[in-house]
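Below: one structure in structure tokens.
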Amino acid sequence: MSRFEKIVLKTLRAPTYPLRVCAVEDVADHYRRIRFAGPELLAAEETPPAFWIRLWIPADGEEYQRAYTVTDVRRDDGTFACEFALHEGEGVASEWARRAEPGQTLRATVYGSKRFAVPAPAPEGYLLVGDPCSLPAINDILRALPEPVPAKVFLLEDHDRLPVAGGDVRWCGSPEEVLAAVRDLGPLPGWHAWVATESALTRQVRGLAQDALGVRKQDVTSQGYWTRGRAMGRARR
Ligand SMILES: Cc1cc2nc3c(=O)[nH]c(=O)nc-3n(C[C@H](O)[C@H](O)[C@H](O)COP(=O)(O)OP(=O)(O)OC[C@H]3O[C@@H](n4cnc5c(N)ncnc54)[C@H](O)[C@@H]3O)c2cc1C
């Protein structure tokens, strides 16, 4: 059984909740914020920064699983938002988000989201590397960082320069620019690195953080958020 099949089997047993679209907002030309009503999900789950869910996206009579970050949680009215980067390519999730309207329903499975917490004592600083699709998580992490922990944020630019919740921000026009900018930081002893962008770039930045910046292995958190030229996590249910 492949690793992918094992994950699918586990997610089949993981809790799944109904969601209803209650508002759609165009934050920028290629970025949509969709507010979901999900009172059952919020009653059952904690939602720390960078918490994510597996949305089941209907397309062509099937359902495809895609990961999205839960942000702007309003427990009083049982709603939260997901922010969708409307990327190039034939993505079912991106296409669904382009057409989403209030009243539509979806299901979301919760499985595999790790808990983000600032370690105690707090690190010397935070290096956050991402792109528009990890920006909701980065913004929530920035909001959760205690003062006066410094944060350096490197974002791979896609279409839009979106609002960033804090830190020393640099938008980069290419993966090469991201790598050069990270390398140029020099040693960052005692820092924590959080990296979530295209899979190959994520691996490269992780390697650089450890080898060029001297961030300890256990202080690097990284996850590929999408893979160039390939659909991410197709599954049918
Ligand atoms: C833990 C986690 C949390 C995530 N949270 C968010 C979030 O909050 N908001 C968000 O927008 N995304 C988020 N993502 C990324 C999102 O799941 C992927 O971008 C996913 O591939 C989108 O599915 P799709 O059906 O649109 O495209 P797919 O069918 O997966 O891919 C189709 C094509 O589009 C390309 N593609 C996919 N994503 C991107 C992209 N971001 N930029 C450029 N090209 C792309 C692929 O290379 C492929 O060629 C998250 C991913 C993970 C793992």
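Counting C-alpha atoms alone, how compact is segment 175-237: give Rg to one decimal and Dmax as a whole number, in angstrom.
13.4, 47
Additional query: Put one equal scatterer on each alpha carbon of the chain, apply the Debye formula with no solvent term, and list log10 I(q)/I(0) at q = 0.14, 0.16, 0.17 1/Å to two decimals.
-0.94, -1.21, -1.34
Have a look at segment 1-135 and give its Rg and Dmax from the Cα atoms, expressed in angstrom.
Final numbers for Rg and Dmax: 15.6, 50 Å.
While we're looking at this one, here's another question. Please compute the Kirkwood hydrodynamic radius over segment 110-190, one decimal place, Å, based on all pairs of different Cα atoms.
13.7 Å
Using a cut-off of 15 Å between beta-carbons, work out the net charge of the residues near Pro146 (Lys and Arg +1, Asp and Glu -1, Pro146 not included).
Value of the local net charge: -2.
Please list 215-228, 109-122 highest first by mean number of surrounding beta-carbon atoms within 10 Å per residue.
215-228, 109-122
Please give the calculated 222 nm ellipticity per residue for the chain, where each DSSP H segment of at least 4 residues contributes -39500 (n - 2.57) and the sum is spread over every residue; nearest 500 deg cm²/dmol?
After summing the helix terms and dividing by residue count, I get -7000 deg cm²/dmol.
For a protection proxy built on the mean count of beta-carbon atoms within 10 angstrom, sort 40-47, 125-132 highest first, please.
Highest mean packing first, the order is 125-132, 40-47.
Quick note: the coordinates plus some simple rules give every number you see, no bench work behind them. Model, not experiment: these values are computed from the prediction. Backbone-built Cβ (ideal geometry, glycine too); neighbour counts: all protein chains shown.
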